[in-house]
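Below you'll find the structure, written out as structure tokens, and then a few comments.
Values in this text are rule-based calculations from the coordinates and carry no lab data. Since the model is a prediction, treat every value here as computed from it, not as a measurement. Virtual Cβ from ideal backbone geometry, glycine too; neighbours counted across all protein chains shown.
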């Protein structure tokens, strides 16, 4: 029987009707494998994964394949977003064995959960040098039955090799100016000066590296750092990776020019990029950065917010294609276009919700405006995607167009697109990614005077406290429809939620968020931190896997290790806690080791290092919160570009946040106090003087 019907993961629920007798990851599955003396098929994916859907349709929905699996294997399905620890451990094995990885991840295990054969996507029949999935299954069964000793030797060797891996580096101190400059040089070498971003295709949004570069520019005045951010942000915002109609970013670009995306939209990308563009606006006043930050924030609230106030994890890349879609309906000469054809096929296609043909533009806009739209958004007869369709973008050298005409075109295309079948939404709430969204929305709301965005951040934070967090400062990683899942929080959950709470406190002035952040960070120190200051991705009392995962490098999101270091830096500044600052300094030692060698993959740690090197600066704004003078000082503090500046606002001599203690009014007027490394400037009542104090290199007083 298929045992996925009662789970909370939308990805697993997509497989609940498969003829495969799936198990979720649980001890009972491995006990069943031992009882039957069969190997385990571990299949790992996520709901927005295009090739996961392809393999599911080709193989897991096939009755004959399912019958073979059910007879010869115990099949276990894992949502990598729900169990990043399981994913990380076995992905490490896949990459070590094959030299590459990805999803769907397909691993064959012994009943003791030891891996012995690996892969990713397997087609149903041999194709492009890949064996067919049925061939793979039969080969594994043959090895299990006829060469069991060899299988055991391979599995044992792999587990020993994984267990023997350890992080070793001679860097007991956080990065200094030399290491951070070396990171800048390394990023400059990898920078694509023509198309923005780093490296070649496929290109992922380098959110963490961009945050480091913005902070490095703020601390040192480096124009090279700022130029890399500006060029990359403009290229992404003009490219197909950015939704030119509805806002928000796709996961990555399949080409080096940012033209054709992999169409799924992830919460983490949009939260991180919303914050990057908001910070770019803060640094430069760029109109483009302001527009993209606000459009991305609006996308988050409009498309990903759940009824409970949290944020769903993703929108799928695929969506149904129907002929009666008003944007996809055939006009004369359009019969071969995507979606055309009497009655529609109901098939799913990647990007179907987002792409356009010239004929579809004409149907919605008429001939004249369709010509304007095609020129403005780069829609061609040949297409930039598949079957003559184009991804909307803003190509270089586009013709001049009347702003009102473009706005009218955009509104009508968006309205027509809303009638298309929508991509599925994975509506599970992931604690870590919601922490990122809380920070982004709180700051964007404050910068652009959008209290609705800040209110959305508060509601998401309330949900995390009510549903995900217990009285001991322990987190559950996921929830769905207000019901917590079964997976324990991992390091990134504690770190990113703490970061979100600290940011929210700085914007709202509510000290309770600092207290909650402290509870989470104390859990990090107690359950995730080794004696030497290094951090593990799982708690010391978490489920035991074949290896305890530990990775300081960024992937699509900040690593839990460096995110924790960054949150520890902020919390120490807000509270004066030497214990938390010392923990941050020890955790950032790995950044010192990796800064010059792999700056693209340690960006969040570099950003935290910039904050630590700058101080960070601590700003206490005291005054009646309803006094316009207090609000002006508070706004000036929030708009300061000094790396990692920590802001507290409240009544004079307040006890909401330790930073406010013993801070009186000045001559009866609201005032701001700026401190750094146990040294404080004279308090000021002038927002302009405060703004000047939070720009440029720090000067010890």
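Using a cutoff of 8 angstrom between alpha carbon atoms and counting only pairs six or more residues apart, the relative contact order for segment 618-693 works out to 36 percent. In the set (i) 42, 34, 22; (ii) 35, 33, 25; (iii) 84, 38, 29, the label that goes with semi-axes √(5λ) of the Cα gyration tensor in Å computed for this structure is (i). Going by a ≥ b ≥ c, the root eigenvalues of the Cα gyration tensor, does segment 483-624 fall in the rounded group (a/c under 1.5), the prolate group (a/b larger than b/c) or the oblate group? Note, shape of segment 483-624 comes out oblate. Protection proxy ranking of 658-667, 124-133, by the mean of other Cβ atoms within 10 Å over each peptide's residues and highest first, is 658-667, 124-133. Note on segment 109-166 and segment 266-306: Cα centroid distance 43 Å, given to the nearest whole angstrom.
Provide the FRET efficiency to the nearest 0.05 for the residue 190-residue 532 pair, computing r from the beta carbons and using R0 = 25 Å.
The pair residue 190/residue 532 has a calculated efficiency of 0.25.
Kindly work out what percent of the DSSP beta bridges joining two residues of segment 544-676 are antiparallel, to the nearest 5.
Once the DSSP bridges in segment 544-676 are tallied, antiparallel ones form about 55 percent.
When a/c reaches 1.5 or more, the comparison of a/b and b/c decides; with that in mind, is segment 10-164 rounded, prolate or oblate per its Cα gyration tensor?
rounded
Let me make sure I get this right: for segment 206-272, a, b and c are the square roots of the gyration tensor eigenvalues over alpha carbons, sorted descending. Under 1.5 in a/c it's rounded, otherwise prolate if a/b > b/c, else oblate. Which is it? Since a/c reaches 1.5 and a/b is larger than b/c, the shape of segment 206-272 is classed as prolate. When only C-alpha pairs under 8 Å and at least 6 residues apart count, what is the relative contact order of segment 404-544, in percent? 23 percent.
Quick check: residue separation of residue 36 and residue 63 times 0.36 nm, minus the Cα distance between them. What number comes out in nm? Could you put the intermediate results ahead of the total?
On the way: separation 27, 0.36 × 27 = 9.72 nm, distance 2.15 nm.
Taking residue 36 through residue 63 to full extension adds about 7.6 nm, to one decimal.
Our note on the geometry: Cα centres of segment 56-101 and segment 238-256, 29 Å apart.
Taking all Cα-Cα distances within segment 540-675, those exceeding 27 Å account for 34%. If both residues of a DSSP beta bridge must be in segment 10-164, then about 55% of such bridges are antiparallel. Packing-based ranking of 144-154, 570-580 yields 570-580, 144-154, ordered from highest to lowest mean Cβ neighbour count within 10 Å.
Per residue, the chain reaches -14000 deg cm²/dmol at 222 nm when only DSSP H runs of four or more residues are counted, each adding -39500 (n - 2.57). Distance from the Cα centroid of segment 642-701 to that of segment 1-40 is 56 Å (rounded to whole angstrom).
Within the chain, DSSP assigns beta bridges of which about 75% are antiparallel (rounded to the nearest 5). The packing ranking of peptides 451-463, 262-274, highest mean first, is 262-274, 451-463, where packing means the average number of other beta carbon atoms within 10 angstrom of each residue. How are the alpha carbon pair distances in segment 32-81 distributed across 5 Å bins from zero to the largest one, expressed in percent? Going out from 0 Å in 5 Å bins, segment 32-81 shows 5, 19, 24, 24, 17, 9, 2 percent. Annotation for residue 17 and residue 597: the two label points, set 7 Å from Cα along the Cα-Cβ direction, are 5.0 nm apart. With contacts taken as Cα pairs under 8 Å at a separation of at least 6 residues, segment 10-164 carries a relative contact order of 25 percent. Here the Debye sum runs over all C-alpha atoms of segment 1-44 as equal scatterers in vacuum, and log10 of I(q)/I(0) at q = 0.26 Å⁻¹ comes out as -0.99. For segment 622-701, treating each Cα as an identical point scatterer without solvent, what Debye log10 I(q)/I(0) comes out at q = 0.13, 0.19, 0.21, 0.25 1/Å? Log-scaled intensity ratios, in q order: -0.35, -0.76, -0.94, -1.34.
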